[in-house]
Amino acid sequence: MNKKTALVLGATGLIGKELVQILSENGHYQKVHLLVRGPIEVESKVCEIHLVDFNNLHQYHELFQVTDVFCCLGTTIKVAKTKEAFRKVDYEYPVEAAKLAKENGAEKFLIVSSMGADTKSLFFYSRVKGEVEETLSRLNIPSLHIFRPSLLLGKREEFRLGEKLAEKASGILNKVMIGPLRQYRGIQARKVAAAMAVTAQSNKKGKHIYLSHEIDSMVGFSEWKKL
Ligand SMILES: NC(=O)c1ccc[n+]([C@@H]2O[C@H](COP(=O)([O-])OP(=O)(O)OC[C@H]3O[C@@H](n4cnc5c(N)ncnc54)[C@H](OP(=O)(O)O)[C@@H]3O)[C@@H](O)[C@H]2O)c1
């Protein structure tokens, strides 16, 4: 009997949706808890949906008694409207989730950060990503995995002009981005999700950061398409 259990935050997002599908079907989990803020439809025998108040995650601490916690939360300044609201989603919720994961004995915490994450960055977005990484690192989680993708490619319901233009450009640019430029290539959201799912099966302890080109080469092409 397979014993692994998981909890996913951000299950309705571009990466999160792909991840939920992979975790539902890869046979490694007997239960996958999805913490969401609105109703969603997921057809899976292993998934259990929980409507939660993200400002009070501690109320659901028993759900964090799982082996692996996956965090794919994120927003944009355009949607969040203020820096404070952005920081809540990209810093406060992941940090609270990681604390609860640790308190409840979760073995692994896997999070999507971003290329360029840096506490000293001139850009607010990259600074917050750097800060969340730094705080998580200080929590001494037994097995912490930080994924830093570049531009995410995939079908998004929300229209994001900047990302759409960048996605179009990356179709051409990806072919010429070789050598050290490889890390700037756009990456399919499903590939990031697949890399997270594969990493969750490893026995690696400690903190690990994966750059975009490393994520890209973690799962073979034919493998990630059918995962
Ligand atoms: N877009 C890119 O090109 C890019 C590049 C590098 C890194 N990243 C990072 O990768 C991560 C995942 O990106 P993505 O594009 O897959 O994200 P996404 O599609 O925007 O999804 C974000 C997830 O976070 C949830 N969320 C947002 N605001 C919330 C709130 N106030 N309370 C609770 N949940 C909230 C969303 O839930 P709802 O469905 O309820 O809104 C959704 O499940 C993010 O951290 C992002 O910064 C993105």
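Every number in this text was worked out from the coordinates using simple rules, so none of it is lab data. For clarity, every value in this text was computed on a predicted model and none was experimentally measured. Backbone-built Cβ (ideal geometry, glycine too); neighbour counts: all protein chains shown.
Odds and ends about this structure:
- Other-chain or far-sequence residues with amide H under 5 Å of LYS207's (modelled H): LEU144
- A simple rule links phi to the HN-Hα coupling: the Karplus curve 6.51 cos²θ - 1.76 cosθ + 1.60 with θ = phi - 60°, which for segment 145-150 gives 10, 10, 9, 10, x, 8 Hz, with x for Gly and Pro.
- Among the trypsin sites (Lys or Arg not before Pro) within segment 17-114, those in coil by DSSP and having at most 14 neighbouring Cβ atoms inside 10 Å are ARG37, LYS45, LYS81.
- Among the GluC sites (Glu not before Pro) found in segment 1-99, those both in a DSSP coil and sparsely packed, with 11 or fewer other Cβ atoms within 10 Å of their Cβ, are GLU41, GLU43.
- Here the gap between THR119 and GLU48, fully extended at 0.36 nm per residue and compared with their Cα-Cα distance, gives a gain of 22.0 nm.
- Estimated dipole of segment 4-226 in Debye, rounded to 20 [Cβ of Lys and Arg +1, of Asp and Glu -1, Cα centre]: 680 debye
- FRET efficiency for the pair ARG138 and VAL79, taken as 1/(1 + (r/R0)^6) with r the Cβ-Cβ distance and R0 = 35 Å, rounds to 0.80.
- Taking label positions 7 Å along the Cα-Cβ direction at both LYS155 and GLN65, the computed distance is 3.9 nm, reported to one decimal.
- At most 11 other Cβ within 10 Å, DSSP loop - chymotrypsin sites (Phe, Trp or Tyr not before Pro), segment 92-150: PHE123
- Taking a ≥ b ≥ c as the square roots of the eigenvalues of the Cα gyration tensor, segment 4-226 is rounded, since a/c falls below 1.5.
- Net length gained if the chain between LYS207 and ASN104 were fully extended (0.36 nm per residue, minus Cα distance): 35.2 nm
- 3J(HN,Hα) along segment 67-74: 7, 10, 10, 10, 10, 10, 5, x Hz, from the Karplus curve 6.51 cos²θ - 1.76 cosθ + 1.60 with θ = phi - 60°, whole Hz, x for Gly and Pro.
- Considering only THR76, GLY27, ILE40, the residue lying farthest towards the positive end of the dipole of segment 15-111 is THR76, judged by Cα position with unit charges set on Cβ.
- Close amide H contacts of ALA106 (hydrogens built in the peptide plane, cut-off under 5 Å, sequence separation of 5 or more or a different chain): VAL66.
- Ordering THR67, VAL89, GLY105 by Cα displacement along the dipole of segment 4-226 toward the positive end leaves VAL89 in first place; charges were set at the Cβ atoms of Lys, Arg (+1) and Asp, Glu (-1).
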